[in-house]
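First comes the structure, then the notes that go with it.
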Amino acid sequence: MIEIEELKDRSETRIFKAVFPNTTNHYDTLFGGTALHLMDEASFICATRFSRKKVVTVSTDKIDFSTPIPQGTIIELVARVHKVGRTSCVVKVAIFMEDMYSYKRNKAVTGLFTFVAVGEDKKPIAIM
């Protein structure tokens, strides 16, 4: 039997993207809605890989946009299961930004996404 900590390690999800003009706001930084979309996608993949069940997003919590992400940078989203309940799990997601032409990298956004496992009837089921 695989331990929960091993499942957390195995399900860690990393996605890389370039910040292009079509994803920025009028300040030429990553649009907050785009960041949330990408974070929800990364956390959904992580929760699915963790549980191997159908999951749905039920809440987001404590999204911190600590540093603007300028156009022309590379971002890495890192999603990892943070907490596990009976029918749900909480995934912590961080967006790191990297300068394209140097090794400068720092954390720009963090957030928590809660998922519930659902059965065919769309009602909650055990996540493990």
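Before moving on, here are some points about what is shown:
- Taken about its Cα centre, the chain carries a charge dipole of roughly 320 debye when the Cβ of each Lys and Arg holds +1 and the Cβ of each Asp and Glu holds -1.
- Springs join every pair of Cα atoms under 10 Å in this Gaussian network model of the chain, and among S88, S102, S59 the largest mean-square fluctuation is at S102.
- Couplings 3J(HN,Hα) for the range 103-116, derived from phi with the Karplus relation 6.51 cos²θ - 1.76 cosθ + 1.60 (θ = phi - 60°), are 9, 5, 8, 8, 6, 10, 9, 9, x, 10, 10, 9, 10, 10 Hz, where x marks Gly and Pro.
- Within the range 1-103, the GluC sites (Glu not before Pro) that combine a DSSP coil assignment with at most 16 other C-beta atoms in a 10 angstrom radius are E3, E12.
- Top positive-direction residue, dipole computed over the chain with Cβ charges, set L77, V90, A42: V90
- The phi torsions of the range 32-41, fed into the Karplus equation with coefficients 6.51, -1.76 and 1.60 and a -60° offset, translate into couplings of x, x, 5, 4, 5, 4, 5, 5, 5, 5 Hz, rounded to whole numbers, with Gly and Pro shown as x.
- Relative contact order (%) - the range 4-117, alpha-carbon pairs under 8 angstrom, separation at least six: 31 percent
- Extent along principal axes [Cα atoms of the range 80-123; Å; largest to smallest]: 50, 19, 11
- Principal axis extents of the C-alpha atoms in the range 38-92 (largest first, rounded to whole Å): 40, 20, 15.
- Pairs with C-alpha atoms separated by more than 23 Å, drawn from the list K17/K92; K62/K83; K17/K123, are K17/K123.
- Neighbour counts of other Cβ atoms within 10 Å put C46, C89 in the fewest-to-most order C89, C46.
Where a number appears in this text, it was derived from the coordinates with a stated rule and is not lab data. These numbers were taken from a predicted model, which means no experiment stands behind them. Glycine also receives a Cβ, built like all others from the backbone with ideal geometry; neighbour counts cover every protein chain displayed.
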